[in-house]
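These notes are about the structure you will find just below.
The values are calculated or read from the model by the stated rules, or taken from the named source; none is laboratory data. Since the model is a prediction, treat every value here as computed from it, not as a measurement. Cβ coordinates were reconstructed from backbone atoms using ideal geometry, including for glycine residues, and neighbour counts include every protein chain displayed.
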Amino acid sequence: MDNFGKLAGVDILVTGHTGFTGSWACHWLHRLGARVHGLALEPKTQPNIFDATGAIDVLVSHTIGNINDFATVQTCVKKHKPKLILHLAAQPLVLESYADPVGTYMTNVQGTVHLLEAARLSEHVSGILCITTDKVYENRNWIHPYREPDRLGGADPYSASKAAAELVIASYRASLPSWGRQMTIDCARGGNIIGGGDWSDNRLIPDFVRATVNDTALEIRNPSATRPWQHVLCLIHGYLTLLERMLVAEDGTGQAWNFGPDIDDCVPVKSVLDHLAAAWKPAQIVYGKAIQHEAQLLVLDSTKARQTLGWRPRWGLEQTLQATAEWYRTFYHDRSAAVQITLDQIDRYRGA
């Protein structure tokens, strides 16, 4: 079990804390004894994991605000004086980025600028972990996994906005000496995050859950698309590893990190649906045609994180989908059990 003992008592600001990954991260950080602060918009869906698990109760401070407003971000950082920042706030959906490209670029690029600048101007922040995505790479549908030095790109507004955010991050990192500022700025590129408590639109698992619960048809745009699927706790495990590393970092610069599953767990959408049907119950599936650009193949090389950080996902795809189905089954049987199943799964993952 990773204790992450150095994070106990540390003030950590989590942006996007009301979201899917943010809520799981807040619960785990609180379990470690960290002092967790949050900055985010109100939860976007009903139901949502933040409310369902009472995540507000694990926070030292809970700020509802938009990272697109610099004054809001700076005031939050000044007031709560975090030592570390986990930057999760984003517009995270590809299809939404087609519907609102301006808002997507504003949040994912300018919002990141606001956070980095507020941190730079604060004497308390010593490290920031910015979460981007596996989709920052210029996707050439290669059969080999993408590595951190590979070229960035993005054919859709979401992917391009995250790649642009990485350029901003790299620029801030390189400019720190000119500002006389020492601060670690890492970025983490994760695969397709799944797990219990996600009700976002146009995501495979939430769409499957809605179809299953409501007994409606599930339209699948691209059943052969291969993605690096992994449980949200596998990613948070990597994030916590980097945050703790920042507390003892000597160079104080930062770098990019891939966090992806084993290659055997990079499977097509249809395979994930088959696993979920076996772990819970089948959904009525209708196969539609993808309208917007969508890459067929995307696989990450996480050798650097495995060798340098000693990180590797503790749950494979089978365990991930079993845990995901278990979470939703539990929730829809007894909604008051959402807190306990979330904490149980965190403890089970940590003990794996």
Considering the stretch 123-151 alone, what residues qualify as being in contact (Cβ under 8 Å) with a residue 12 or more places away in the chain, surrounded by fewer than 19 Cβ atoms within 10 Å (Cβ to Cβ) and within 25 Å of Pro177 (Cβ to Cβ)?
His124, Glu148
From Leu309, Leu317, grab the single residue that is over 24 Å from Arg140 (Cα atoms), touching a Pro at 6+ places or on another chain (Cβ under 9 Å) and modelled with pLDDT of 90 or more.
Leu317
Output the residues belonging to the stretch 182-211 that are among the β-branched types (Val, Ile, Thr), touching a strand residue (DSSP E or B) at 6+ places or on another chain (Cβ under 8 Å) and farther than 24 Å from Ser159 by Cβ.
Thr184
Answer with yes or no whether Ile143 is hydrophobic (A, V, I, L, M, F, W, C) and at pLDDT below 95.
yes
If the Cβ limit is 6 Å and pairs must be 6+ apart or interchain, which residue in the stretch 205-225 that is closer than 16 Å to Val269 by Cβ and without any contact (Cβ under 8 Å) to a residue 40 or more places away in the chain pairs with which residue that is surrounded by 14 or more Cβ atoms within 10 Å (Cβ to Cβ) and not small (Gly, Ala, Ser)?
Pro206/Asp198; Pro206/Trp199; Asp207/Leu218
Is one or more of the residues making up the stretch 18-28 among the hydrophobic types (A, V, I, L, M, F, W, C) and surrounded by fewer than 24 Cβ atoms within 10 Å (Cβ to Cβ)?
no
So Lys83 clears everything in (1) of a type in the set (Lys, Arg); (2) under 30 Å from Ile220 (Cα atoms); (3) in contact with a Leu (Cβ under 9 Å, 6 or more places away or on another chain) except one condition, right? Which one?
(2)
A careful count of residues in the stretch 259-276 that are at pLDDT below 90 and of a type in the set (A, V, I, L, M, F, W, C) gives 3
Checking Asn222 against (1) surrounded by fewer than 24 Cβ atoms within 10 Å (Cβ to Cβ); (2) in a loop (DSSP other than H, G, I, E, B); (3) modelled with pLDDT of 95 or more, only one condition comes out false. Which one?
(3)
Does any residue of the stretch 294-304 turn out to be modelled with pLDDT under 95, over 25 Å from Pro268 (Cα atoms) and hydrophobic (A, V, I, L, M, F, W, C)?
no
